[in-house]
Amino acid sequence: MNPLFPSPIYQKRRAQLNAAFSSGTALFLSNNESPANYPANTYHYRQDSNFLYFFGLSLPNMVGVIDFEQNRSLLFGDDFTIDDIIWMGNQPKLSDLAAHIAVDEVRPLSELASFLKNKQVHFTPPYRADNKIELARLLGKNLEELTPSIELIKRIVALRELKSPEEIVQMEEANEIGVNMHTMVMKHCKPGVAERELFGVAEGIALGMGNGTSFPIILSQNGQTLHNHDHSLILEKGRLLVMDAGAENVMNYCSDHTRTLPVSGKFSPLQKEIYETVYQANMAAIANCKPGIQHIENHRIAVTIITEGLQKIGLMKGNIEESVALGAHALFMPHGLGHQVGLDVHDMEDLGENFVGYDETIQRSKIFGWGSLRMAKTLKPGHVITVEPGIYFIPHLIDIWKNEKKFEAYINYDKVEMYRNFGGIRIEDSVLITENGHKVLGSHLPKSVTEIENILQS
Ligand code: GLY
Ligand code: MN
Ligand code: MN
């Protein structure tokens, strides 16, 4: 069985959800095993994070139910049979599992459909094909008739987004694993080493210290591709290596760090100028993280520093405030400053980004670049967010914008051409909002030019 919090924590979470509803029933389907190439050969199992939050158990073939009218919780599932036990070893009884999470009742799965009959059933947006089909079957609907409950989504976001002290302990642990992954890669990064080998080093640490990675590792000298999962190159002197990677700890809490390394051990003057700009953007945005600040303001700080830095280098020009407002910087940083992190690396993204990062006080921008910001709303104590500015030279995007003469008043395309093969730089940390300010999670991971060069050369 996976490690769990003490049972009153799950009871309290379900009671908090229950308190927001006077009628209806919430339904949480576990994730099931997912076949890779034949039914019995499955991918690494990952429980649904809403199920983990309210019902804790990291096991397939279960359904958690919170009956709002009767203020009780039920676990639907079936005990393992002797056929299962022969292959899997002895397994806990469902009633024992249920006791660990203090649900009121356990029932066989075969009773679920009739239990739900004529009830108002709230559910979150299903994202796995098998669960979509199962949900439709249980509710007697067609797939296209499945309508997730906005009320449930909003209430879950309100609960899950504010991390409790015991969750922060878990987040710290996940971040320590992440720091280990990145530190080990820094120690092994040198010309001639295969990207794939470093990928294996990082993946191995995530598996050895926790529950594996929190998302597929991004590790590439072609860091201009934001989520580059190709690891086929050999490290070359003079190039930059971007690694964006995180871990899940054994309780499925996630980390997310990015560092950019000069393969030779020393940044070239050109690389150093760009790196310093991204570093200043990262540091200034983190410094401004505190309760009451909208994270979109931290995004604005970061892209303003990036615009200023690129102007100093001669890549951008013109009025900085206007340039930022219009989104000219998005040629170089097309993504947002960050997102929430928790039981998912992009926390609660299954519930819908706009419910997680936006609210009635702030709407997602339609402007390219600004519109990619996942978390914009006001920060509160307990939020964990990433701060991940970057500068990239994306040849395809440069060509399109240049041909369209887009933002010619703000971009020096002739100079940009000289950086066409530069690659990309991103620097990312995860930040907990505290009562008075913030804390960067995990031990300090080398980040300044000097720190990075020192560890690479040690
Ligand atoms: N892991 C991708 C990101 O940093 O959002
Ligand atoms: Mn990341
Ligand atoms: Mn991130």
Result row for the chain, helices from DSSP H with C-alpha axial extent 20 Å or more and mean Kyte hydropathy at least 0.5, is 195-209
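Would you kindly state how much longer the chain becomes between I400 and E144 on full extension, computed as 0.36 nm times their sequence separation minus their alpha carbon distance, in nm to one decimal?
Additional length available on full extension: 88.4 nm.
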Share of Cα-Cα pairs in region 129-169 beyond 16 Å, whole percent, is 56
Treating only Lys and Arg (+1) and Asp and Glu (-1) as charged, each at its beta carbon, one finds that region 241-319 has a dipole about its Cα centre, in Debye to the nearest 20, of 280
Filtered hits (lysines, Cα-Cα < 25 Å from K272, offset >= 8 within chain) -> K187, K190, K237, K312, K317, K415, K447
Sorted by chain and then number, the residues having a modelled amide H within less than 5 Å of the amide H of T213, at least 5 places away or on another chain, are E248
Burial-style ranking of 271-279, 311-319, average other-beta-carbon count within 10 Å with highest first, yields 271-279, 311-319
Extension length gain for T183 and Q91 (0.36 nm per residue less Cα distance), in nm, is 29.3 nm
Of the convex hull enclosing the alpha-carbon atoms of the chain, the direction-averaged projected area in nm² is 23.4
With a ≥ b ≥ c from the Cα gyration tensor eigenvalues, square-rooted, and the rule rounded for a/c under 1.5, otherwise prolate when a/b > b/c and oblate otherwise, region 275-321 is oblate
Residues other than Q11 with Cβ under 15 Å of its Cβ, Lys/Arg counted +1 and Asp/Glu -1, net out at 0
In nm, the gap between the two label points placed 7 Å beyond Cα toward Cβ at E134 and I313 is 4.9
Dividing the surface of the Cα convex hull of region 47-138 by four yields a projected area in nm² of 6.5
Taking a crude spin-label model, label points 7 Å out from Cα along the C-beta direction, the R72 to E151 distance in nm is 2.1
Binned at 5 Å starting from 0, the alpha-carbon pair-distance distribution of region 358-458 in whole percents comes out as 2, 9, 13, 15, 15, 14, 14, 12, 5, 1, 0
Relative contact order in percent for the chain (Cα pairs under 8 Å, 6+ apart) equals 15
Kirkwood Rh for region 82-213 from C-alpha pairs, in Å, is 19.8
Unit-weight point scatterers at every alpha-carbon of region 160-202, Debye formula, q = 0.14, 0.16, 0.25 1/Å: log10 I(q)/I(0) is -0.46, -0.53, -0.80
Expressed as a percent, the accessible surface of region 172-289 that is carbon or sulfur, using a 1.4 Å probe and the full set of protein chains, is 56
Under 23 Å between C-alpha atoms, the lysine pairs in region 104-182 lying 8 or more places apart or on different chains count 8
To the nearest Å², the heavy-atom accessible area per residue of the chain with 1.4 Å probe amounts to 43
Inverse of <1/r> over all distinct C-alpha pairs of region 322-372, i.e. the Kirkwood Rh in Å, gives 12.1
In region 367-451 the accessible area split gives carbon plus sulfur, as whole percent at 1.4 Å, a share of 52
re region 288-358: pairs of Cα atoms spaced beyond 20 Å account for a percent value of 42
tail above 16 Å in the computed P(r) of region 1-93, as % of all Cα-Cα pairs, reads 62
So, with points 7 Å from each Cα along the Cβ direction, the Q120-R46 label distance in nm works out to 3.4
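The values are calculated or read from the model by the stated rules, or taken from the named source; none is laboratory data. Quantities reported herein were computed from a predicted structural model and do not represent experimental measurements. In this analysis, Cβ positions are derived from the backbone assuming ideal geometry, glycine residues included, and neighbour counts consider all displayed protein chains. In case anyone asks, the SASA skips ligands and DNA or RNA and just uses the protein heavy atoms, side chains included. Shrake-Rupley method; radii C 1.70, N 1.55, O 1.52, S 1.80 Å.
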